[in-house]
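Sharing a structure below in structure tokens format, with a few things to ask.
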Amino acid sequence: MTTISDALACLRPLTDAGSGKSVLELEWIRNPRLQGSRAVIELAMPAHANPQRDRIAQEARAALLALDGVEDVQIELAAPPASPAATAPQTRAIPGVRTVVAISSGKGGVGKSTVAVNLACALAATGLRVGLLDADLYGPNTPIMLGLRETTPETVEEHGQQLLVPLESCGIAMVSMGLLINPGQPVIWRGPMLNGVIRQFLYQVKWGDRDVLVVDLPPGTGDAQLSLAQAVPMEGVVIVTTPQQVALADSRRGLAMFQQLGVPILGVVENMSWFAPPDQPEKRYALFGEGGGAQLAAEARVPLLAQLPLQLPPEEGQPLVLSQPDSPAGGALQRLAQQLRRRLVTPC
């Protein structure tokens with residue numbers, strides 16, 4: 001049976017007409033995978049190589065169709081390899097913060113903010129000093145989850161600079177755009193303004209000494225993700241998805257973006273993996289399909305960190321890991337925190 005190694009071997013002879021280098025070495029073709037009798041690859045060519053796009057696509061298709069068991073080839077277009085300037089931006093550490101971990105998703109509605117809040121609380125419960133930066137400026141829900149929706153943070157002056165003081169709740173320190181705008185007020189900003197606010201949240205907040213800063217990113221692959229990756233050195237990013245194919249497609253793009261930016265992928269968290277009725281906890285219903293998170297993790301060669309079941313939401317201001325620690329989802333989130341803690345810094 002054909003394997004990924006076979007696919008890589010058949011694609012390796014394909015070359016760039018100008019340099020003679022393999023398109024695999026140039027990363028113009030990447031992430032080959034097999035889905036039954038279908039082979040899937042990503043074609044990510046820079047603008048200067050566009051005249052070769054059709055030739056390389058045809059040669060790749062022909063080479064893959066020659067493999068045993070491959071009956072169809074799907075070619076997905078992806079962003080071209082980043083220039084050295086883009087892959088090695090000048091980052092600046094946050095004073096007092098030892099480690100930065102981002103929580104990201106390609107698609108909205110997969111529970112990314114829920115994972116971020118509960119992970120931050122669970123890490124704090126292990127003895128780490130944790131901060132939570134809600135960088136989802138267009139949909140800042142973190143204050144609601146922590147019971148801080150009607151609280152306004154203070155500012156202090158240090159060394160001639162105004163610093164925002166994060167709010168403390170559930171053992172963590174948090175800042176969010178949701179604390180600075182009226183309820184229901186939309187944030188209608190273009191990229192440069194968004195970039196400026198994220199940098200303010202990173203460097204103009206009185207974070208103090210923090211072992212870990214968890215950053216809740218907005219869904220997608222836009223300015224917020226790029227701003228964070230180019231501003232601050234990160235330990236890595238956790239990708240949150242659901243088992244659905246449409247969520248996987250978007251998560252795959254988000255994961256590839258961080259790889260392209262040189263940010264380590266800590267692993268994948270699959271949310272909404274199944275539902276167990278409260279009165280029949282032994283039964284599991286896969287409402288959104290099965291195996292999606294494992295598939296994404298296997299494709300990217302990263303760990304599947306957790307599979308989180310659907311569960312009735314707790315009351316406002318009471319994260320699941322604190323209000324229902326013995327529930328299936330609460331236990332899974334605590335185990336996720338323990339896994340990540342082993343990769344993070346020890347307390348100062």
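Every read-out reported here was derived from the displayed coordinates using simple, explicitly stated rules and does not represent laboratory data. Note that the structure is predicted; figures quoted are calculated from it, not measured. Cβ coordinates were reconstructed from backbone atoms using ideal geometry, including for glycine residues, and neighbour counts include every protein chain displayed.
Identify which of Asp216, Asp54, Asp279 has the largest mean-square fluctuation in a Gaussian network model of the chain, with springs joining Cα atoms closer than 10 Å.
Largest GNM mean-square fluctuation: Asp279.
Assign unit charges at the C-beta atoms only (+1 for Lys and Arg, -1 for Asp and Glu), then state the dipole size of the chain relative to its Cα centre in Debye, rounded to the nearest 20.
540 debye
Could you work out the longest stretch of the chain that avoids the GluC sites (Glu not before Pro) located in DSSP loops with at most 13 other Cβ atoms within 10 Å?
Here the longest run is 155-281.
A follow-up question, please. Of Leu261, Pro277, Gln245, whose Cα points farthest to the positive end of the dipole of region 242-286 (charges on the beta-carbon: +1 Lys, Arg; -1 Asp, Glu; origin at the Cα centre)?
Leu261
Right, another one. Using a Gaussian network for the chain with springs between C-alpha atoms less than 10 Å apart, which of these wobbles most: Ala173, Ala135, Ala298?
Per the Cα network of the chain with a 10 Å cutoff, Ala298 tops the list.
Using θ = phi - 60° and the Karplus relation 6.51 cos²θ - 1.76 cosθ + 1.60, list the HN-Hα couplings for region 17-31 in order, rounded to whole Hz, with x at every Gly or Pro.
Those phi angles translate into 5, x, 8, x, 7, 5, 5, 5, 5, 7, 6, 7, 10, 8, 6 Hz.
So how much slack lies between Tyr285 and Glu76, counting 0.36 nm per residue of separation and subtracting their Cα-Cα distance, in nm?
Contour length minus the Cα-Cα distance gives 72.0 nm.
Could you size up the charge dipole of region 4-81 around its Cα centre, putting +1 on the beta carbon of Lys and Arg and -1 on that of Asp and Glu, and report it in debye to the nearest 20?
The calculation lands at about 120 debye.
Compute the convex hull volume of the Cα atoms of the chain, divide it by the residue count, and report the result per residue in Å³ as a whole number.
Convex hull volume per residue, Cα atoms: 155 Å³.
Give the calculated FRET efficiency between Ala62 and Arg343 to the nearest 0.05, with a Förster radius of 45 Å applied to their Cβ-Cβ distance.
Efficiency computed from Cβ-Cβ geometry: 0.60.
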